[in-house]
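Read the structure below first, then the notes.
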Amino acid sequence: MRILVSLLTAVLLLSPIGADAQDSRAALETVAKALGATGLKSIEIQGGGTFFWAGQSYNAGTAWPQFNVRSLTRTVNYDTASLREEMVRTRTLEPPKGGGPYVRGENKAVAFLSGDHAWNVAGEAVTPAPIALAERQFLLWSTPHGVVKAAMAGKGTLQGRTITFGVPGSFKAMATLDAANLVERVDATVANPVLGDMAVTVSYADYRDFGGVKFPTKIRQTVGGLPALELTVTEVKPNAAADIPVPDGVRQAGNPYVKVTTQKAADGVWYLTGGSHHSVVIEMKDHLIVVEGPLNDDRALAVIKEARALVPNKPIKYLVVSHHHFDHSGGVRAFAGEGATLITHDASRQYFERIVAAPATVSPDHLAKSGKKAAVEGVRDRRVLTDGTRSVEIRQIAGIQHADDMLMVYLPKEKLLIEADAYTPPAPNTAAMSPPSPFNVSLAENVKNQGLAVDQILPLHGRIVPAAELYKAAGVTP
Ligand SMILES: [Zn+2]
């Protein structure tokens with residue numbers, strides 16, 4: 001017996017695949033069998049519940065705004081690493097509080113992933129969305145069958161009741177199995193432009209059998225420690241049709257965030273567009289002020305490069321942040337990495353101090369690589385930056401329900417106003433919202449009551465318009 005044991009030990013030690021790997025493989029196969037993952041190529045689930053829009057809270061660091069999910073259909077193809085998720089939702093609060101697109105009634109959003117491509121479809125419009133790649137890769141591989149398939153494909157390992165898996169540059173995760181070998185929880189760190197390493201958890205409960213495939217009927221997700229999704233799954237179709245081709249326009253799009261189109265708005269004032277979110281560069285005597293660092297590192301670094309090309313030899317001293325929403329502050333870390341001082345509303349000053357000190361280990365960004373520490377300065381009602389020739393007035397948009405830290409920038413000499421999300425000019429020849437958007441009304445009343453003489457608005461979405469268009473949209477008499 002002893003001889004046999006030592007022989008076996010010797011064989012295992014000499015075997016090209018380690019004993020651990022073999023055990024892990026066998027254990028993973030047991031988990032795959034328990035879940036019914038072995039012959040599963042694709043899956044479609046349907047359900048409803050509550051969605052909370054991460055990155056769009058009213059106060060920085062508090063609950064994400066809530067939406068009712070009328071229907072959700074998520075189709076995952078594990079063979080092609082692709083995913084389609086359609087959500088029809090309504091806002092829980094009307095009038096709205098917090099961000100996310102403001103649409104009255106139902107809003108349908110369709111999100112796609114295939115390999116390294118992420119995109120959105122709204123009506124006929126297809127929009128590449130590489131910014132969503134990490135979170136969608138996590139969504140795909142954190143599904144119960146995704147976890148075991150990722151691990152079996154060599155992207156993870158099983159030890160005890162824990163499967164460690166991930167996609168380099170996007171996320172690192174740990175899944176916990178219950179006594180029946182079903183995935184009950186996933187704890188992850190997902191790369192995020194604002195938070196750096198962002199904590200995401202998913203919990204799965206009340207598994208049921210759908211034609212030999214086990215799937216949870218309760219899914220709860222948190223993002224940054226706050227509820228993000230509470231879903232009741234009503235239908236599961238194993239091996240549903242799941243052909244999710246990448247549209248040509250998405251395949252050929254390249255990086256949409258690096259395209260910068262510059263328009264001069266006044267002497268020493270430039271409006272930088274080219275994508276979905278804009279910035280403004282203002283030249284002072286011995287430095288530059290940039291209003292808004294949106295989206296992500298790629299966008300912020302392209303804006304910084306353009307600012308340097310417009311005005312060589314003057315440093316970017318300040319970045320003014322319109323508000324804390326993820327899409328408007330995804331470039332904050334890159335500007336901090338360039339040594340710029342951030343100016344935010346007092347309400348979110350401490351939040352941004354934490355943001356620029358946060359680690360980004362999953363996908364080290366410009367700030368993490370720079371090793372720089374950034375200063376953050378707060379504004380309450382108003383702060384004037386001046387160099388004796390030009391005045392830049394940073395003012396609060398008081399009382400607006402989009403966010404509690406909304407700042408606008410007013411140039412009194414040039415009669416220009418820069419603002420984000422309070423008013424986005426609609427495409428020409430589209431009907432105005434009726435009754436008007438409460439955000440438009442807040443902005444118009446702030447401009448009027450603060451006594452600002454504005455000729456042109458430089459919105460951080462959309463295009464330059466006369467101030468009269470804001471007053472008309474808001475139904476406010478100037
Ligand atoms: Zn916003």
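Among the residues of segment 124-159, count how many are modelled with pLDDT of 95 or more and of a type in the set (S, T, N, Q). Of the residues in that region, 4 qualify. Looking at segment 325-346, can you tell me whether even one residue there is more than 16 Å from the ligand (Cβ to nearest atom), closer than 19 Å to Ala54 by Cβ and not in a strand (DSSP E or B)? Within segment 325-346, one or more residues are more than 16 Å from the ligand (Cβ to nearest atom), closer than 19 Å to Ala54 by Cβ and not in a strand (DSSP E or B). Could you list, in sequence order, the residues of segment 347-362 that are away from the ligand (no atom under 16 Å from the Cβ) and open to solvent by 50 Å² or more (accessible area, probe 1.4 Å)? Result: Arg349, Gln350, Glu353, Arg354, Ala357, Pro359, Thr361. If you go through segment 307-324 and keep only what is among the small types (Gly, Ala, Ser) and away from the ligand (no atom under 16 Å from the Cβ), you end up with Ala307, Ala309.
Taken over segment 347-361, the residue count meeting the criterion of being outside any loop (DSSP other than H, G, I, E, B), of a type outside the set (D, E, K, R) and in contact with a strand residue (DSSP E or B) (Cβ under 7 Å, 6 or more places away or on another chain) is 1. Scanning segment 388-401 for residues that are within 16 Å of the ligand (Cβ to nearest atom) and either outside any loop (DSSP other than H, G, I, E, B) or open to solvent by less than 10 Å² (accessible area, probe 1.4 Å) (or both) yields Gln396, Ile397, Ile400. Candidates Gly146, Gly99: the one that is open to solvent by less than 10 Å² (accessible area, probe 1.4 Å) and under 21 Å from Pro168 (Cβ atoms) is Gly146. Of the residues Leu411, Leu407, Leu385, Leu417, the single one that is within 16 Å of the ligand (Cβ to nearest atom), at pLDDT 95 or above and either open to solvent by less than 40 Å² (accessible area, probe 1.4 Å) or not acidic (Asp, Glu) (or both) is Leu407.
If I filter segment 424-440 down to residues being touching a Phe, Trp or Tyr at 6+ places or on another chain (Cβ under 9 Å) and away from the ligand (no atom under 12 Å from the Cβ), which single residue comes out as farthest from Ser57 (Cα to Cα)? The extreme case among them is Met433.
Just to be sure before I move on: is Met198 buried (at least 16 other Cβ atoms within 10 Å of the Cβ) and part of a strand (DSSP E or B) in the structure I sent?
Values: buried (at least 16 other Cβ atoms within 10 Å of the Cβ): yes; part of a strand (DSSP E or B): yes.
Yes.
Among the residues of segment 442-478, those identified as farther than 20 Å from Arg382 by Cα, in a helix (DSSP H, G or I) and either open to solvent by less than 50 Å² (accessible area, probe 1.4 Å) or polar (S, T, N, Q) (or both) are Ala467, Leu470, Tyr471, Ala473, Ala474.
So if I check each of Ala180, Ala228, which one is under 24 Å from Thr162 (Cα atoms) and not in a strand (DSSP E or B)?
Ala180
The number of residues in segment 204-252 that are open to solvent by 40 Å² or more (accessible area, probe 1.4 Å) and aliphatic (A, V, I, L, M) comes to 2. Here Trp270 passes the criteria (1) more than 16 Å from the ligand (Cβ to nearest atom); (2) under 18 Å from the mean Cα position of the chain (by Cα) except the one numbered (2). Does His402 meet the test of being at pLDDT 95 or above, touching a Leu at 6+ places or on another chain (Cβ under 8 Å) and under 30 Å from Gly196 (Cα atoms)? Considered against the rule, which asks whether it is at pLDDT 95 or above, touching a Leu at 6+ places or on another chain (Cβ under 8 Å) and under 30 Å from Gly196 (Cα atoms), His402 comes out as no. Note on segment 257-292: among residues that are of a type in the set (Gly, Ala, Ser) and closer than 20 Å to Arg463 by Cβ, the one that is surrounded by the most Cβ atoms within 10 Å (Cβ to Cβ) is Ser279. Across segment 60-80, not a single residue is classified as crowded, with 21+ Cβ neighbours inside 10 Å, at pLDDT below 95, more than 25 Å from Lys214 (Cα to Cα) and within 16 Å of the ligand (Cβ to nearest atom). Looking at segment 44-73, which of its residues are over 30 Å from Ser434 (Cα atoms), part of a strand (DSSP E or B) and in contact (Cβ under 8 Å) with a residue 40 or more places away in the chain? If the condition is that a residue be over 30 Å from Ser434 (Cα atoms), part of a strand (DSSP E or B) and in contact (Cβ under 8 Å) with a residue 40 or more places away in the chain, then Glu44, Ile45, Gln46, Gly47 are the ones that fit. Cβ-Cβ distances below 7 Å connect the following pairs, each with a first residue in segment 317-343 that is farther than 17 Å from Met198 by Cβ, a second residue that is surrounded by fewer than 24 Cβ atoms within 10 Å (Cβ to Cβ) and of a type in the set (S, T, N, Q), and a separation of six or more residues or different chains: Lys317/Thr341; Tyr318/Thr341; Gly337/Ser370.
The values are calculated or read from the model by the stated rules, or taken from the named source; none is laboratory data. None of the values given here were measured: they were computed from a predicted structure. Positions of Cβ are backbone-derived with ideal geometry, glycine not excepted, and every protein chain shown enters the neighbour counts. Just the protein is used for accessible areas: all its heavy atoms, side chains included, with ligands, DNA and RNA removed. Shrake-Rupley method; radii C 1.70, N 1.55, O 1.52, S 1.80 Å.
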